[in-house]
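One structure is given below, encoded as structure tokens.
The values are calculated or read from the model by the stated rules, or taken from the named source; none is laboratory data. This one's a predicted model, so the numbers in the text were calculated from it and none came from an experiment. A quick note on method: Cβ atoms are made from the backbone with ideal geometry, for glycine too, and the neighbour counts reach across all protein chains shown. Heavy atoms of the whole protein, side chains included, go into the accessibility calculation; ligands, DNA and RNA do not. Shrake-Rupley method; radii C 1.70, N 1.55, O 1.52, S 1.80 Å.
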Amino acid sequence: MTTITPPPAPKKTAQAKATVAAPRKSAAPKPTATVPPQTPPVQIPAPQPLPAPFAPIGRIPVIEVSPVIEGGRWTAKATVGEVVPITATVFREGHDAVGATAVLIDPSGKVHSTAPMRDISPGNDHFQGFLQPDAEGDWTFRVEAWSDPYTTWVHDAIIKFKAGYEQELMLAEGVNLFTRIASPAAQAARSKADAKIVAAAAAALADTSRLPEVRLAMATTGAVKDALGRSPLRDLVSPSADYPLRVHRQRALFGSWYEIFPRSVGAVQDRKTGQWTSGTFKTAALDLPRIANMGFDVVYLTPISPIGHKFRKGRNNYLHVKPGDPGSPYAIGSPDGGHDAIHPELGTEADFRDFVKAAQGNGLEVALDLALQASPDHPWVTEHPEWFRTRADGTIAYAENPPKKYQDIYPLYFDNDPVGLREAVLDVVNVWIERGVTLFRVDNPHTKPLDFWQWLLAKVHATRPDVIFLSEAFTKPAMMATLARIGFHQSYTYFTWRNSKEELLDYFQEVAGVGGSTMRPSFWPTTHDILPPYLQHGGVGGFAVRAVLAATGSPTWGIYTGYELIENVPRPGVEEQVDNEKYEYKARAWDHADDIGISLLLGKLNEIRRAHPALQQLRNLTVHAADNPNILVYSRRVRAEHLPLASGGGKTPVAGHTDDVILVIVSLDPWGGQESTIHLNLAALGLTAPAGTDGSAPFFAANDLLTGETYSWGAHPFVRLDPRNSVAHVLQIGRS
């Protein structure tokens, strides 16, 4: 089990639109209506905790069950086909052996499946098994601990045989034990092959014509132990409590997002006058085949509602607006409407529905930015002034993140009328769901009350459990984790700021650890607000490195449009692109994008991800060693018994399936060649060195899915990566 140490919250140098701070009186814009003096916030009684019931310990104790969130206060998450690791500490008094079984209970309350758990930390009694739900809904699971009489007998018998005493007594006890193990009822529950192995062992053990050592050996072979591992004799079965497991559709864990500003797609500038004509839903729809051809699953739209005019910002957040400046789409609301309205320049509601239909025709779902804030022109400002924070001078406090000021944005204030405001937001969300939106990227949710989000997400889930919410909260770890626990399906992460080998590998293991049962990570190399220094200076190679890391480091990743064109010029002194698209139109020429190569790489990465279930899982990561500090090595594996369900296929494994194993080797140097000997954990790859060897000599095949080359490798291969050719190996592992 990975130990998770929360990292310090990185500095967010770009978007933080909804952070409220008191401006100087001279800088505060006036609201559009008379605002009454601020009244004290409505006091809502805090929830009253119930006393914890006394829970007697079982005959065989089960403690430290995972994934369990604060004793079951919140629900652990999974998706259809996800391989869910279940862990627990199981022990008992004395020296008798114990075992454990993970039990999955479907939403109807019936036992769906069980899985054997093995001791993954001998001496510490820490057991692990894997469950795999096959449908959406509210499931539960438990761990059943039990006394293991067979393993106890084997241990005692071997010791006494070696000591040379009580051999016949131990054999007699074994015969009695196998009478239970091989009973008709027990045999009926086994496969034919396992039943045959157990019956043969019982017969050999009872055959007094054989030597005692032979009788014992026949009852303790590896085949017998494996058969009884699959269907053990369980005494004193002691279940844990049942714990909740909410299962979402696969897109909640696995998907590739592509972000666009619809107004920029198809926008045209008059060369003579410099005036722009906005792109529309119709022109944006023409770009959908290009996005789909790169293998993306989701097209994500920044806000498409009307934009305010008062205090509208010019290019790069300037206070002075030039004629034709479109303003920030995050300054939502104008006389044309609020959050549920559509900007007239983009088209009509019918045009938006046509866009959604066109996206679906290209295999794309539509995600929409949900930004809970308003421009000074928003209808809510006049209709519901109590939904905003007012200052002593009667002005409404606008958003700030000093030295940045967002005079064009009023944050919402939830404490005066929490019921009215939350109902209004729910209405907005339902309008867009009815129009075909199935995912929401939520802007700055950490600046809104957590009890509001818990309520809203539960209300949406009750009627549309397929709708997914992505939390854009670059903030402190506790807030990010709690947003996930109360219902957000996915979360932006600190990946964007992790650059060194140690930082990246530590973070990959962290998000793939126990936290992965609630906070599903979404890896983005850039956003419309963030251009990290590595990409400012890394050139094409740097963009390739970060794409490989994002696409293979997390099942969900995203790209902001223009990544293919290496848009890497920052506004001086900040981690943000110059001429930020939030404040202007940005027309892009895609004719020569493939010549750069990044668009081709994005397409190849998405193709590999779709073909390999190992890259569609989160909690299956193993880090391997490399001598060079500039080279990362990690792998992902799905065992054969969990296929093809892990890739959205049927419910049972197909004969002949083998493990799906992907090994990723990445150079962090975007400019020069790097080489290293790497040291592979063969067991994590599902490999065993040939008998009598240490595994150093080549004995398995490594097929590079990026280049098509195949290598014959052993446990310690040598690699060289050069950004002029390839910054990474993405290898499918199999036996030669």
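Worth pointing out:
- Residues Leu706 and Ala350, FRET efficiency given R0 of 56 Å [Cβ-Cβ distance, rounded to 0.05]: 0.85
- Estimated FRET transfer efficiency when R0 is 60 angstrom, pair Arg720-Arg571 (beta carbons, to 0.05): 0.95
- Helix axis angle, 418-434 relative to the chain longest principal axis, alpha carbon, degrees: 80 degrees
- Helix 349-361 axis versus longest C-alpha principal axis of the chain: approximately 30°, rounded to the nearest ten.
- For the chain, with +1 on Lys and Arg beta carbons and -1 on Asp and Glu, the positive-most of Phe523, Thr475, Ser305 along the dipole: Ser305
- Separation in nanometres of the label points that stand 7 Å from Cα toward Cβ, at Asp451 and Thr382: 3.3 nm
- For Ser183, Ser108, the ranking by accessible surface with the largest value first comes to Ser108, Ser183, using a 1.4 Å probe.
- Spin-label proximity, Ala200 to segment 221-245 - amide N less than 15 Å from point 7 Å beyond Cα toward beta carbon: 221-228
- Part-to-part distance (alpha-carbon centres) for segment 47-122 and segment 656-703, which is given in Å: 34 Å
- Cα-based Rg and Dmax for segment 292-426, where Dmax is the largest Cα-Cα distance (Å): 16.7, 55
- Mean Cα-pair separation over length for segment 460-506, i.e. relative contact order, pairs under 8 Å, 6 or more apart, %: 34 percent
- Dipole magnitude of segment 385-444, debye to nearest 20 (Cβ charges: Lys/Arg +1, Asp/Glu -1, about Cα centre): 280 debye
- For Ile69, the residues whose modelled amide H falls within less than 5 Å of its own, excluding neighbours fewer than 5 places apart on the same chain, are Trp74, Ala76.
- Per DSSP, loop chymotrypsin sites (Phe, Trp or Tyr not before Pro) in segment 297-329 with at most 16 further Cβ within 10 Å: Tyr318
- In Å², nearest 10: area of Leu549 left accessible to a 1.4 Å probe: 0 Å²
- Note on exposure: Thr395, Thr179 ranked by accessible area (1.4 Å probe, complete protein assembly) read Thr179, Thr395, with the most exposed listed first.
- Mean sequence separation of contacting Cα pairs (under 8 Å, at least six apart), scaled by the length of the chain, corresponds to a relative contact order of 13 percent.
- Residues Trp671, Trp276, sorted by accessible area with the largest first, give Trp671, Trp276 [1.4 Å probe; ligands and nucleic acids excluded].
- Computed from the C-beta positions of Val428 and Val578, the FRET efficiency with R₀ = 25 Å rounds to 0.15.
- Annotation note: GluC sites (Glu not before Pro) in segment 635-735 located in DSSP loop regions with a Cβ neighbour count of at most 15 within 10 Å are Glu709.
- Neighbour-limited loop hits for trypsin sites (Lys or Arg not before Pro), segment 80-140 (at most 11 other Cβ within 10 Å; DSSP other than H, G, I, E, B): Lys110
- Modelled label positions at Ala217 and Ser183, each set 7 Å beyond Cα in the direction of Cβ, lie 3.2 nm from each other.
- Length gained on full extension, Ile159 to Asp417, computed as 0.36 nm times the residue gap minus the Cα-Cα distance: 85.6 nm.
- Convex hull (Cα only) mean projected area of the chain, reported in nm² to one decimal: 36.3 nm²
- Protein heavy-atom surface of the chain, 1.4 angstrom probe: 55% of the accessible area is carbon and sulfur, with nucleic acids and ligands not counted.
- Relative to the longest principal axis of the Cα atoms of the chain, the long axis of helix 149-163 lies at roughly 50 degrees.
- Per residue accessible area of the chain, 1.4 Å probe, in Å²: 42 Å²
- Stretchable slack from Ser191 to Ile596, in nm (0.36 nm times residue separation minus alpha-carbon distance): 140.2 nm
- Stokes-Einstein, applied to the Kirkwood radius of segment 471-619 over Cα pairs at a viscosity of 1.567 mPa s and 4 °C, places its translational diffusion at 80 µm² s⁻¹.
- Cα centroid separation - segment 501-530 against segment 233-275, whole Å: 14 Å
- Residues in segment 283-314 that a label on Lys357 would reach, taking backbone N under 15 Å of a point 7 Å out along Cα→Cβ: 285-286
- Residue-span extension gain [Asn499 to Gln275] - 0.36 nm each, minus C-alpha spacing: 76.6 nm
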